[in-house]
Each structure stands twice: as structure tokens, then as C-alpha cells.
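The structure appears below as C-alpha cells.
The values are calculated or read from the model by the stated rules, or taken from the named source; none is laboratory data. Predicted model only: the values in this text are computed from it and were never measured. Don't worry about glycine lacking a Cβ; one is built from the backbone with ideal geometry, like all the others, and counts go over all protein chains shown. Each accessible area value is taken on the protein alone, full model and side chains, heavy atoms only, with ligands, DNA and RNA left out. Shrake-Rupley method; radii C 1.70, N 1.55, O 1.52, S 1.80 Å.
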Amino acid sequence: MKILVCISSTSDTTTKVKFDSEGKKLQEEGVQWIINPWDELTLTRAIELKKKYSDVISMVSVAIVGEEKVEPTLRKALALGADEAVRIDAMPKDSFFVSRQLTLIAKDFDLILAGVEGSDFQGGGVGQMLAEMIDIASVSGVSFLDIKQTDVEVKREIQGGKETLKVSTPVVIVGQKGIAHVPAIASIRGVMDARRKEIRVVPACSADEKIMYDSYELPEPRKECKMFDENQIDDLFNALRHEAKVLQ
Amino acid sequence: MSVLVIIDKKEKSFSSLSLEAVSYGAELAKNMNQEVFVASFGKLDDAQCTQIANANGANIISVNNLEGSLFDDALFTCIANELVSEKEANIIVCANTFPLKSIAPRLAVKLDASFISNVEGLNKDNPISIFLKKVYTGKALSYVKALSKKIILTVSPNSFGVHNIPQEYNVENFDGTKGESSTLELIERDMGEDKLLLEEANIVVSGGRGMRGPENWPLLEEFASLLGAATACSRPVADENWRPEDEHVGQTGKIIAPSLYFALGISGAIQHMGGISGSKCIVAVNKDPEASIFKFANYGMVADLQKVLPKFIEVLKNK
């Protein structure tokens, strides 16, 4: 079984978000780039599965749509234990565009993992779009993933509960919270191995984008916190009722 | 041309997220002078139809042949596509619930449509092609343009609300392509306790490490219960198994936007704030006056939770 983990490179979430004067572009100075946190969780699970079922899983590949500047993020993924990395050479535009690019390599894989959304543009949908484009099944909201012989077992969220499903491959699994618990940490050995592993660069295909992030703005800053001391509990609840009006 | 809203049932009734999609779709349709249709997978009874109609969705389509079917992303997308053709829909609003919202991106591929997830309410200036959404883990907003004529949306929970416009309804029965999933097999379904869904709750009471241990949660639960609130927690609490994982609210947990959020013993790390920045009002209680949470909260109290939680409960009981 070959596993493909689709990842994106996003700005570290502790980065202070600033835009240019027209609100058209993120100011990238000083930004640290990381593996998108959702993708890091799915990658962690893929590597755990490979260790657990080394006789069934032959390879964990990581793919990204991006320009050369995303290669450090790919190296991080390799350092975590991925066997190979593929970069489809294009600036990632929207989910539709990214999914179309991923079709260039996805057909070789039995199990394709994607995170819920990128923490930057929060577009979502890449996993499901990719599945639709290559005409395979997808399962979303997956909080647990395991392999049972050549089948995949998942738990997914439904309204008010959870379903445990057996899924046949090929399939795209869109993972969420729970698919792995603690993100993997690269060992020194992993980092060194990563330097030797190959990053395969694939030319992009022509593809449309369907949405455009036209401009940005920062939300209004919250007013300063109104403090109450522990003897003013009644006052606090009165404020919630009559001032903020969020309580009956 | 029309607006099609797609929702599904949560056991007997509809979640506020489904009803919000109905109200939103209806408003969009009104702005464009078009009709709105609400399609639900599975047989509907009178009470359920009334719920939909009251949320402003009078034209109801009941996809009967899917009653009891296992949700399969691909199969249900095919049926959604049939509904889109039937009603000549150019705007589709999918309820922002699992697993239904997974139809939206697949349908976007089938229709060559623009999919915009989690739109923040309706854009009054340009309601039909530019939508506002949160980006950068909720730290900023973006005006997103749909480039295709067909648009598929999900609405950011609680960003629009559920209308209450009681009216007569009409129901049409629709039989989509028959079929059972060929790739999924159900092993078990666990409906859990009848807990209030976190994403739907108007008031949420959340506990962090400052609660000191799982044994202190009954007080928090009592407080939540008196408020009619859902309970949540920070990541360390879920990681330590003090609370179930599905209560974890934060960047890699659930992202919620209740009217009122109590952060009890939560320090206010950026990753946690990413999950709750959409809350209308945040109340923080923490022993540490330097806790970051006080930079984000609307109201705060520096106090020992073990001392004040019982007093909060008393205040609510005496009301």
C-alpha cells in the first residue's frame, strides 16, 4: 500500500499577521514557514501506520504544490519520516487549482491523506476535490485511521456522534482532530536522512482557479478587558445580561 | 436559476447549522429575486418540515430514497448534482455539518463551481459574488471573489443566525439515483450522549489547565448546565484525557463562535484563541493576572476558580 500525504506550507500561527498598505498581500518579512498543522497531524499518522504495518505499507510520500521556497517545508516532512517528497512547481492559487495539480501524481497511491484546511487561507476542500477529480471515494471528518489488511478503518464525525467504517482503497481521507495525537518530532537522524532524500519536482499543468482572495483586513481590535474582582460576581453577570446582552 | 440549500437531519430535528443554511440561502435568493429550495436527505415529517419553513425555507424537497442510507461523499454528491440540475440552481448552500459539508467541494468539481467555505454572514455591498471569510487562523478577514457563475457555500457557524418566519410549506418528493455505497461499510454507529453540539451552542463554558484536574469538572458542568451551555476545553486538558477530545477547542480542534464563551483556567495561547476568536463575548477567569487571555477577553476576573465557581453557581441559582 502506498500512502500520499498532501501538505501545504503555511505561516507559523504565532506570526503577527500584517498586510501591505492596500490590504492586498501578507507581509512576509520575518514569517516562519511550517507544515500546515492539520497536514502535520495526518503526516504523523501516516508515519505511525508505516511503522506499525511495515509489511503492508511500502511507502509514505509527501506532495506539495508550491515554488522553490516551500522546499524547506518539504525537508521538514522528510525529516519526520516521509520516504519521498514531490513538489509540483506552481504557486498554489486556490483549492481547486491545487487539487488539479495533485491529480498529476495521485493516481499511483492507494491511500491519500489531506488535512481539513490550510491555516492560512482556510479554503478547505482539497482532499474531496482531488477525490472527485480522479473519481475515487473520500471520507471526511476522520478522527481515527487504521489499516486492516488492505482495507482502511476510520472513525468519522456525524451529527451527534461517530461512525466506524471500513473503507476500500483507493480513497482520500480528510483527517481532523484525533487522527494523530501529538505531531511527530524530527529526530537528528531524521533531519540528516532528509538531506539525502529526493525531492522530485514535477512541472505544473494548466488549471483554473475558481476563487480569488481579493483583499484583506484586520478585524476591529477588541476593547480592553473590563476586570471584576472576586467580590463583584453579581456585577459581572449583570454586565453580561445588560451590557453585553449575551445572557438572559 | 435558483438557490438550493442542502441539509440533513440530526436524528429527529435539524441542528441550528442546518437551519442557518436555510435562512442564509433564503436571504441570498431574496437578494437575487430567485426562488430557494431546501433539500434534505431522508424522509421528513411535519414537525421537521415546519422547522425548515420557519427558518424561511418554504419549498422543501425530500430525498426519500436515501432514508437510512450510509453517507457516502461521492454518492451523495451525485444526488446533489441531480438536484442542482432539476432546480437549475446556480447557488448552492450546504449545511456546515459533518459529513454533509463534504459534498460541497466535490460538487464544485462536478459543476466547475466556486466553492467558498465558512463565509461570514452576507456581504451587504455585493451579496452575490464577494464573500467575507476568516483567514490566518481567524486573525484576519478576506474578501473572496467567486470567479465561476455557479457558487457553492458553507456558512460560518453563528455568523448569520437562524430566522424565525413561520409560513406554510410545500414538499416535493425526489428520488435520486438509487445506490448504496460501494466503498464504505458501517461497522458501528455511536450516537453518544445527548450532548449539546459545541458548534451550535450559544453559550460555551470551557476549562483549561487552571481547573487543576478532572475531579474539578463537576462544578464546571453544573455551571454550564445552569446556563444551558455546552462544555469545552483547551488542548492540554484533552491531551491529558481530563476531558473527551471532541471538547477540544482551538486551532487543531473545533473552531466555534458562540455568543458567550467562558474561559476558565485557560491561559489564552494563540492556538486556543484561533478556535474561539469568533466569539461575541469572552469572559476569562484565571489566577494569573498576566495570563494572555486577558488581552483577548471582554470581561475578566483574577481569581481562584475553586473559590469563585461555586459562587457563580449560586448567583445563577438565585436569579
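Quick notes
- In a reduced charge model with +1 at each Lys and Arg Cβ and -1 at each Asp and Glu Cβ, chain A shows a dipole moment near 720 debye about its Cα centre.
- Furthest towards positive pole of dipole, B:V155, B:G57, B:V5, structure part segment B:1-155, Cβ charges: B:V155
- Integer Hz, Karplus 6.51/-1.76/1.60 couplings in order for segment A:2-18, x for Gly and Pro: 10, 10, 10, 10, 8, 10, 10, 9, 10, 6, 3, 6, 8, 4, 6, 8, 9
- Cα-based Rg / Dmax (Å) for chain B: 21.0, 61
- Debye log10 I(q)/I(0) for segment B:1-154, one point scatterer per Cα, at q = 0.13, 0.16, 0.21 Å⁻¹: -0.54, -0.82, -1.42
- Since only A:G123, A:L4, A:V98 are under comparison, the one whose Cα sits farthest along the positive direction of the charge dipole of segment A:1-134, derived from C-beta charges on Lys, Arg, Asp and Glu, is A:L4.
- Look at the alpha carbon pairs under 8 Å that are at least 6 residues apart: their mean separation over the length of chain B gives a relative contact order of 15 percent.
- Placed amide H near B:K43: partners under 5 Å, 5+ positions off or other chain: B:E67
- 0 to 90° range, to nearest 10: angle between helix B:16-32 axis and chain B longest Cα axis: 50
- For segment A:50-191, projected area of the alpha-carbon convex hull averaged over all directions, nm²: 9.0
- For segment A:146-248, the Kirkwood radius over C-alpha pairs fed into Stokes-Einstein at 25 °C and 0.890 mPa s yields D = 113 µm² per second.
- This model, with +1 at the C-beta of Lys and Arg and -1 at the C-beta of Asp and Glu, gives segment B:26-149 a dipole about its Cα centre of some 620 debye.
- Calculated FRET value between B:L186 and A:N231, using beta carbons and R₀ = 51 Å, to 0.05: 0.40
- Segment B:4-70 - share of DSSP beta bridges that are antiparallel (%, nearest 5): 10
- Database remark: amide H of A:S138 closer than 5 angstrom to the amide H of A:V172, B:D73, B:A74 (H placed geometrically; neighbours at sequence offset of 5 or more, or on other chains; Pro and chain starts carry no H).
- Placing +1 on the Cβ of every Lys and Arg and -1 on the Cβ of every Asp and Glu, with no other charges, gives the protein assembly as shown a dipole of roughly 1000 debye about its Cα centre.
- Other residues with beta-carbon under 13 Å from the beta-carbon of B:N81 carry, at +1 per Lys or Arg and -1 per Asp or Glu, a net charge of -2.
- Most to least accessible of A:K24, B:K10 (protein chains only, probe 1.4 Å): A:K24, B:K10
- Over the protein assembly as shown, the Kirkwood radius and the radius of gyration, each from Cα atoms, give a ratio Rg/Rh of 0.96.
- Projected over every direction and averaged, the convex hull enclosing the alpha-carbon atoms of segment B:271-319 yields 4.1 nm².
- Geometric extent, Cα atoms of segment A:21-110 - Rg, Dmax (angstrom): 15.0, 55
- Efficiency of FRET from Cβ geometry, A:E67 and A:T150, R₀ 51 Å, rounded to 0.05: 0.90
- When the alpha-carbon atoms of segment A:185-243 are used, the pair Rg, Dmax equals 27.0, 66 angstrom.
- Ellipticity at 222 nm from helices only: DSSP H runs of n ≥ 4 in chain A, each -39500 (n - 2.57), divided by the residue count, give -7500 deg cm²/dmol.
- Between helix B:73-87 and chain B: long-axis angle, C-alpha atoms, 0 to 90°, nearest 10: 50
- Charge dipole (the protein assembly as shown, unit charges on Cβ, about Cα centre) - positive-most of A:L43, B:F71, A:T15: A:T15
- Pairs beyond 21 Å (Cα-Cα), from A:K155/B:K150; A:K107/B:K254; A:K155/B:K280; A:K25/A:K210: A:K155/B:K150; A:K107/B:K254; A:K155/B:K280
- With a Förster radius of 56 Å applied to the beta-carbon distance between A:K245 and A:E29, the computed FRET efficiency rounds to 0.85.
- Rg(Cα) / (2.2 N^0.38 Å) computed for chain A, rounded to two decimals: 1.18
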